[in-house]
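First comes the structure, then the notes that go with it.
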Amino acid sequence: MVVQNELRTAMETSREDLIEVLAQYQAVPVVDDGQEVSSLLGGRTNTEFKLEEPGGVETTDRQTRQEVLEHLGVEDEQDLEPVQEEIKNHQAWGEKV
C-alpha cells in the first residue's frame with residue numbers, strides 16, 4: 001500500500017524520486033472506468049484517473065492523486081502509456097509489495 005507521506009516527500013524532491021516510489025509499490029496511473037466527470041460547459045466528460053496498486057486497490061486520496069498525476073505530466077489518456085512504462089521498467093519495481 002502506497003504511503004501518502006512517501007508520495008508527498010518524493011514530489012517535493014524530484015520526478016525521478018516519485019517514479020521510484022510508485023515503482024516500489026507497483027502503483028500505476030490508469031483510467032478510472034468507474035468515474036466520468038461531466039464538464040459543466042458543453043456537456044463533455046472528462047477522463048478520471050487513479051493510481052492502481054496490485055489487486056486493483058487504490059489507497060491515495062483524490063488530492064494526492066491529482067498532485068501525483070500533475071507531477072507526472074498526465075493530462076489525458078495519451079500521456080498514460082509512457083508514464084506507465086517508465087514506472088514498470090524502473091529498477092525498484094515491486095520492492096515494497
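Note the angle between two axes, namely the Cα long axis of helix 4-13 and the longest principal axis of the Cα atoms of the chain, as a number of degrees from 0 to 90, rounded to the nearest 10.
Once rounded, the angle reads 80 degrees.
Starting with the highest mean, order 66-75, 16-25, 87-96 by the number of other Cβ atoms within 10 Å, averaged over the residues of each peptide.
Ranking the peptides 66-75, 16-25, 87-96 by packing returns 16-25, 66-75, 87-96.
For Gln78 and Glu58 in the same chain, what is the full-extension length gain: residue separation times 0.36 nm, less their Cα-Cα distance, in nm? Write down the numbers at each step before the final one.
On the way: separation 20, 0.36 × 20 = 7.20 nm, distance 2.13 nm.
5.1 nm is the gain from fully extending Gln78 to Glu58.
Report the calculated FRET efficiency for Asp32 and Gln91 (r = Cβ-Cβ distance, R0 = 25 Å), to the nearest 0.05.
Numbers: r = 28 Å, r/R0 = 1.12.
My answer for the efficiency is 0.35.
Can you compute the modelled spin-label distance between Glu48 and Gln66, with each label point 7 Å from Cα toward Cβ, in nm?
Each label point is offset 7 Å from its Cα along the Cβ direction, giving 1.2 nm.
Quick note: the coordinates plus some simple rules give every number you see, no bench work behind them. Keep in mind that this is a model prediction, so the values were computed, not measured. In this analysis, Cβ positions are derived from the backbone assuming ideal geometry, glycine residues included, and neighbour counts consider all displayed protein chains.
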